[in-house]
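The structure under discussion appears below in the form of structure tokens.
The values are calculated or read from the model by the stated rules, or taken from the named source; none is laboratory data. Since the model is a prediction, treat every value here as computed from it, not as a measurement. Note: ideal-geometry Cβ built from the backbone for every residue, glycine included; neighbour counts use all protein chains shown. For accessibility, only protein heavy atoms count, side chains too; no ligands or nucleic acids. Shrake-Rupley method; radii C 1.70, N 1.55, O 1.52, S 1.80 Å.
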Amino acid sequence: MANSCCAPDSAGTPVEPKHENPFVKKLKDMDRVVIAFILTWVTIAITVPDQSWSSIEFVGKSLWEIAPYLAISVAFAAYIKATGADSLIGNAFRANAGKAVMVAAIVGAFSPFCSCGVVPLIAALLASGVPIAPVMAFWLASPVIDPEMMLVTAGILGPEFAAAKTVAAVSLGLMGGYSTALIQKLGGFADPLRIEVNAGCGAGAITRTEKPAWAFWKEDKRRNDFFAEGKSTSWFLFKWLSIAFMLEGIMIANVPMDIIGEWLANTGSYAIPMAAIIGAPAYLNGYAAIPLADTLMQLGLQPGAALAFMVAGGATCIPAAVAVKALTKTPLFLTFIGIALFGSMIIGYGFNIWLSFGFI
């Protein structure tokens, strides 16, 4: 019988196994997102030392501000997992997909979530088995505007522009939701979520038939499920949002949005597509964008281009895109970006046409 710790070579002679360097093994076992965060910070510390600690402070401050949303969403995800209520929620949205998309787009437009703040809630919805189409509608509509932003927009840019942005948020959500539903009907997005998300929101969550146990704390297994789900969801959101906020801080410190905006105001007939293309990856705080848009329109930027810039920037800025990629696989992620980009262009042209007829 061969020695259990040695494998024979071709001549039958036992060969000692190669021992991997402990540091290399530990590096391989580390989470790739954690490694990416560390490497990003090290790069900042080497190239722009003055921003290294301010970047960490920005991440910490941002996580603290979003902590209430994280806590509520994690608790919601853990509760529906422990009780088995994910089957009820999933089936409720699946019963009438068309109506669910419309409701999700409208609710998303009036919800108080930013592009990163909406991620915990999206994760909780996915964990409950809600189909991708209404989730996509909510995800796209939510960051574009909220009730408070609507009032600020009306005060600075006028009630007409605020109304247009609200309609834009709902429209973008509807485009995303119905496009996703159509792609799924044609056979696409069969497995659209990353493994970490699928663990909590696969088909089993929708097809289970047992009744939910609302008082889950009375059963040891369900209590364990609650804490296990809460722990895994918290870690998943914490690591991805940390790197998203790190990138956000870098962009705030280094991207000259005022200079880019002035250049955009002079692009003429290409203003709307260029506004959407620039706005999509650029960090654009919804409130900071309002006075910027006002200044740009005074410099000659078309209102439709200003609207496209704000919609694309709100929905798909780089921090938000990182968060979307964390939850979805590449085909759905690219669809999200594409709908936000082209949808904001359509919205911009539509607003200009509306204005040209003198409706506002």
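Yes/no per residue for (1) touching a Pro at 6+ places or on another chain (Cβ under 7 Å); (2) at pLDDT 80 or above; (3) over 24 Å from Asp191 (Cα atoms); (4) in a helix (DSSP H, G or I):
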position: Ala77; (1), (2), (3), (4): no, no, no, yes
position: Ser87; (1), (2), (3), (4): no, no, no, yes
position: Ala124; (1), (2), (3), (4): no, no, no, yes
position: Phe138; (1), (2), (3), (4): no, yes, no, yes
position: Val144; (1), (2), (3), (4): no, yes, yes, no
position: Thr153; (1), (2), (3), (4): no, yes, yes, yes
position: Ile156; (1), (2), (3), (4): yes, yes, yes, yes
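If you scan the range 27-55, which residues turn out to be surrounded by 12 or more Cβ atoms within 10 Å (Cβ to Cβ) and over 21 Å from Phe236 (Cβ atoms)? Scanning the range 27-55 gives Thr43, Ile44, Ala45, Val48, Gln51, Ser52, Trp53, Ser54, Ser55. Note on the range 208-249: among residues that are of a type in the set (Val, Ile, Thr) and under 27 Å from Glu65 (Cβ atoms), the one that is surrounded by the fewest Cβ atoms within 10 Å (Cβ to Cβ) is Ile243.
Of everything in the range 56-69 that is open to solvent by less than 60 Å² (accessible area, probe 1.4 Å) and not hydrophobic (A, V, I, L, M, F, W, C), the residue that is nearest to Glu248 (Cα to Cα) is Ser62. For the range 298-339, the candidate set comprises residues that are in contact with a Phe, Trp or Tyr (Cβ under 8 Å, 6 or more places away or on another chain) and surrounded by fewer than 19 Cβ atoms within 10 Å (Cβ to Cβ); within that set, the residue that is farthest from Gly177 (Cα to Cα) is Ile318. Residues of the range 288-341 that are over 30 Å from Phe357 (Cβ atoms), of a type outside the set (Lys, Arg), in contact (Cβ under 8 Å) with a residue 40 or more places away in the chain and not in a helix (DSSP H, G or I): Cys317, Thr328.
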